[in-house]
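Undergrad: Take this structure first; my questions come after.
The values are calculated or read from the model by the stated rules, or taken from the named source; none is laboratory data. As the structure is a computational prediction, the values presented were derived from the model and not from experiment. Here the Cβ positions follow ideal geometry from the backbone for every residue, glycine too, while neighbour counts run over all protein chains shown. Side chains included, ligands, DNA and RNA excluded: accessible areas come from the protein's heavy atoms. Shrake-Rupley method; radii C 1.70, N 1.55, O 1.52, S 1.80 Å.
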Amino acid sequence: MKLDTPLANIKGVGAKTAESLAKAELHTVKDLIEFFPRGYEDYSKVTNIAEVASGKVSLKVTIEHLNTRRVRRGMHITEATLSDETGKLAAIWFNQPYRADQLRKEKGQWLISGEYGLQGRKYQLTNPSVEKFDGKHVNAGRILPIYRAVAGLKSHVVRKILTELRPAIVMLDEILPPEVVATQKLISRSDALTYLHFPENDEQLEKARKRLGFEELFSLVMAGQLNKLENSKLTGWQIPFDQTHAQEFVAKLPFNLTDAQRSVIWQISQDFEREHPMNRLLQGDVGSGKTVVAGMSATLAALQGYQTAIMAPTEILATQHGETLTKLLQPFNVSVGLLTGSVKPAAKKHLYERIANGEVQIVVGTHALIQEKVKFHKLGFVVIDEQHRFGVAQRQKLLEKSDHLPHLLSMTATPIPRSLALTVYGELDASVLDEMPRGRQPIKTSIVSPNSREAMYEKVELEIKNGSQVYVVCPLIDENPESEKRSVELEYKKLQKTTFKSHKIGLLHGQLSADEKQAVMEQFSAGKIDILVSTTVIEVGVDVPNATVMIIENADQFGLAQAHQLRGRVGRGAHQSYCFLVSTESFKPTRRLRELEKSNDGFYLAEVDLKLRGPGEIYGRAQHGQLNLQMASLADTKSIATAQQAVSQFLQSGKDLLQYKQLANQVSKYQRLTTLN
Ligand code: ADP
Ligand code: MG
């Protein structure tokens with residue numbers, strides 16, 4: 001057996017298993033060795049029946065009594081009485097018709113392990129694993145690794161194959177530079193993987209995790225630092241700063257910029273003047289006023305002869321930005337164009353021409369911007385709004401529309417926790433709008449149990465009477481747009497039968513055409529709709545300051561960041577706003593809901609979210625699906641700091657990363673995944 005031996009050639013791997021393995025992208029011996037368990041169950045202590053308590057147990061028993069039967073709907077049940085010197089215990093297997101035969105075939109002792117607890121009306125062991133006691137056990141009597149059930153792969157199957165592969169683990173190469181392994185006091189890679197799959201105790205597991213976690217962070221931090229280094233070697237457009245224009249702009253705005261806005265605009269203007277392209281992330285909580293920062297910077301660029309492309313993730317948002325900027329920039333004679341999928345072909349063609357000849361100075365749009373046909377005259381500045389909604393490739397495509405690398409401003413209302421900023425975004429300059437425009441009152445958030453809906457509706461009724469507007473958001477039930485549509489339609493009909501029947505209720509969901517969506521949003525903006533029942537299509541960016549109530553139905557189904565974004569649709573004007581988180585359960589609100597109720601601070605919530613869910617879930621599959629670290633936690637700032645130190649040391653030592661081929665591959669993969677250029 002070699003590391004590159006196909007798994008299909010391994011003893012005990014049948015055609016069906018091989019197929020599942022291949023579906024899970026596990027092809028070779030090495031692949032499976034590097035397939036990390038997602039968790040462990042501790043069956044290392046084999047107990048006597050007399051000592052059994054609820055929870056996970058491992059027993060060494062003989063089978064006393066065996067009975068199989070079929071019950072309703074074809075369900076198959078096997079029951080057994082297990083016994084040892086100290087007592088007897090009931091076990092039950094559902095839909096495992098082969099169990100009885102297996103247990104009948106051989107006499108003697110069995111190792112049986114599983115969850116003991118109340119099942120039906122009886123305490124018993126449910127669906128336990130079963131192995132002949134012959135000293136060579138895969139499941140019972142050990143700390144049991146549990147593997148992700150990708151492509152229907154069962155954990156016990158993976159464990160079984162891994163016992164075959166165990167001798168091959170020692171063949172794994174060290175991938176970290178030896179001096180790093182030594183200074184960090186890490187165990188070797190092959191030891192780590194042996195411990196990971198076959199832990200004898202917790203200490204071994206701890207050592208394995210430390211080693212493999214360090215490896216992940218080391219590569220990730222290295223990727224960030226290399227990206228930064230590469231970025232600093234690029235040349236872009238140098239856009240001079242004109243103070244008179246800037247002052248004029250500020251004077252003509254309908255409001256005073258916050259200090260935070262001023263300072264970010266100043267940072268951007270300075271970046272514009274440099275010869276390296278800007279790569280700046282602007283983080284600002286919902287409502288902090290990011291749009292005007294982008295708009296003013298774009299105007300300053302336009303007045304120097306450079307075009308700007310502003311890309312937003314949805315049509316609603318792009319359209320809204322287009323309108324806001326057109327209005328805002330009217331006094332400056334800057335032309336704004338809107339390019340979305342629903343612009344009619346003739347108009348689109350005309351727009352393409354005007355973009356190509358430079359007549360349109362600021363182009364706002366959706367993904368439509370990255371299409372082949374869109375050619376710019378002189379693209380100097382690219383703004384990506386709600387950057388976490390885009391993949392690296394999409395950003396890349398937009399940047400490639402210029403013959404010099406344009407300056408890039410990525411904006412997000414989902415703040416990136418410091419820990420993540422330091423690793424994944426090590427290469428970035430970050431700005432923060434940490435100040436809300438004046439006169440905003442914090443949103444009052446409360447969790448509503450489904451039983452106290454009436455009290456909530458009364459409060460909402462009052463708000464509407466005072467001239468305010470209301471959002472009601474329903475979650476995506478599953479990925480199916482049909483069912484999503486059904487869920488909002490149901491809510492819409494329900495509300496028409498309540499106290500709200502005399503109000504104008506609107507309906508918005510992803511199945512509507514762009515024109516229909518646009519029409520609904522316009523009616524809502526114009527105050528012609530009192531209550532807007534919507535899916536999460538309104539999640540990002542939508543700005544209707546007169547809306548003061550956000551009702552989130554089944555709020556526990558939303559991620560923290562997403563719910564916070566939704567809440568940010570209100571509290572945009574001078575009036576007190578409210579957010580009601582309607583919980584699915586009557587009694588126990590989830591931790592997420594409690595955190596939301598407690599805090600309006602997007603940064604704080606992002607840290608909590610990162611701890612609860614990991615970066616892939618938060619920042620979108622598009623960018624970070626593959627970044628979900630398996631071992632290290634991006635919330636573990638201490639380990640990150642250690643890794644950073646180690647990376648700096650390595651880079652300063654003058655050693656060549658390419659000397660460590662596997663490590664270099666890993667790093668360059670991360671470089672592609674994390675770069676914002
Ligand atoms: P976000 O950061 O969530 O994208 P927006 O740019 O949509 O926020 O701004 C939210 C609202 O605040 C808009 O109605 C905008 O016109 C307004 N706004 C932005 N800056 C200021 C300011 N300095 N003073 C008053 N209102 C502002
Ligand atoms: Mg915005």
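Undergrad: Pull up region 22-79, narrow it to residues that are more than 20 Å from Gly117 (Cβ to Cβ) and polar (S, T, N, Q), then point me to the one that is least open to solvent (accessible area, probe 1.4 Å).
TA: Result: Thr28.
Undergrad: I need a count of the residues in region 308-342 that are within 20 Å of Ala519 (Cβ to Cβ) and in a loop (DSSP other than H, G, I, E, B).
TA: Here the count works out to 5.
Undergrad: If Glu41 satisfies all but one of (1) assigned to a helix (DSSP H, G or I); (2) in contact with a strand residue (DSSP E or B) (Cβ under 8 Å, 6 or more places away or on another chain); (3) charged (D, E, K, R), what's the number of the condition it fails?
TA: Among (1) assigned to a helix (DSSP H, G or I); (2) in contact with a strand residue (DSSP E or B) (Cβ under 8 Å, 6 or more places away or on another chain); (3) charged (D, E, K, R), Glu41 violates only (1).
Undergrad: Of Gln361, Gln283, Gln270, which residue is at pLDDT 90 or above and touching a strand residue (DSSP E or B) at 6+ places or on another chain (Cβ under 8 Å)?
TA: Criteria check complete, one pass: Gln361.
Undergrad: Among the numbered conditions (1) surrounded by 20 or more Cβ atoms within 10 Å (Cβ to Cβ); (2) of a type outside the set (Asp, Glu); (3) not in a helix (DSSP H, G or I), tell me where Gly305 comes up short.
TA: Just one mismatch for Gly305, condition (1).
Undergrad: Which numbered condition trips up Met456, out of (1) open to solvent by less than 20 Å² (accessible area, probe 1.4 Å); (2) modelled with pLDDT of 85 or more; (3) of a type outside the set (Phe, Trp, Tyr); (4) part of a loop (DSSP other than H, G, I, E, B)?
TA: (4)
Undergrad: Same structure again: Out of the helices (runs of 4 or more DSSP H) lying entirely within region 120-234, which hold 3 or more residues that are of a type in the set (A, V, I, L, M, F, W, C), open to solvent by less than 10 Å² (accessible area, probe 1.4 Å) and more than 30 Å from Leu82 (Cα to Cα)?
TA: Because the criterion is at least 3 residues that are of a type in the set (A, V, I, L, M, F, W, C), open to solvent by less than 10 Å² (accessible area, probe 1.4 Å) and more than 30 Å from Leu82 (Cα to Cα), the helices (runs of 4 or more DSSP H) in region 120-234 that meet it are 189-197, 202-231.
Undergrad: Can you tell me which of (1) under 20 Å from Glu41 (Cβ atoms); (2) within 32 Å of the chain's Cα centre (by Cα); (3) in contact (Cβ under 8 Å) with a residue 12 or more places away in the chain is the one Arg166 doesn't meet?
TA: Condition (2) is where Arg166 drops out.
Undergrad: Of all residues being assigned to a helix (DSSP H, G or I) and buried (at least 19 other Cβ atoms within 10 Å of the Cβ) in region 596-606, which is farthest from ligand 2 (Cβ to nearest atom)? Just the residue, please.
TA: Leu596
Undergrad: Give region 483-508 a look and list any residue that's touching an Asp or Glu at 6+ places or on another chain (Cβ under 9 Å) and more than 12 Å from Val472 (Cβ to Cβ), or say none.
TA: Glu484, Thr499, Lys504
Undergrad: Name the pairs whose Cβ atoms lie under 9 Å apart, with the first residue in region 251-265 and open to solvent by 100 Å² or more (accessible area, probe 1.4 Å), the second within 16 Å of ligand 2 (Cβ to nearest atom) and in a loop (DSSP other than H, G, I, E, B), and 6 or more positions between them or separate chains?
TA: Filtered contacts from region 251-265: Asn256/Pro437; Asp259/Glu435.
Undergrad: Further question: Can you find a residue that is part of a helix (DSSP H, G or I), touching an Asp or Glu at 6+ places or on another chain (Cβ under 7 Å) and within 16 Å of ligand 1 (Cβ to nearest atom) anywhere in region 258-270?
TA: yes
Undergrad: If we keep just the residues of region 527-551 that are surrounded by 22 or more Cβ atoms within 10 Å (Cβ to Cβ) and within 11 Å of ligand 1 (Cβ to nearest atom), which is modelled with the lowest pLDDT?
TA: Gly541
Undergrad: Could you grab me the full set of residues in region 560-590 that are within 19 Å of Gly510 (Cα to Cα) and either under 18 Å from the mean Cα position of the chain (by Cα) or open to solvent by 10 Å² or more (accessible area, probe 1.4 Å) (or both)?
TA: Of everything in region 560-590, those that are within 19 Å of Gly510 (Cα to Cα) and either under 18 Å from the mean Cα position of the chain (by Cα) or open to solvent by 10 Å² or more (accessible area, probe 1.4 Å) (or both) turn out to be Gln562, Ala563, Gln565, Leu566.
Undergrad: Now, a different point. Can you give me the number of residues within region 377-398 that are surrounded by 22 or more Cβ atoms within 10 Å (Cβ to Cβ), within 22 Å of Gln304 (Cα to Cα) and of a type outside the set (Val, Ile, Thr)?
TA: 4
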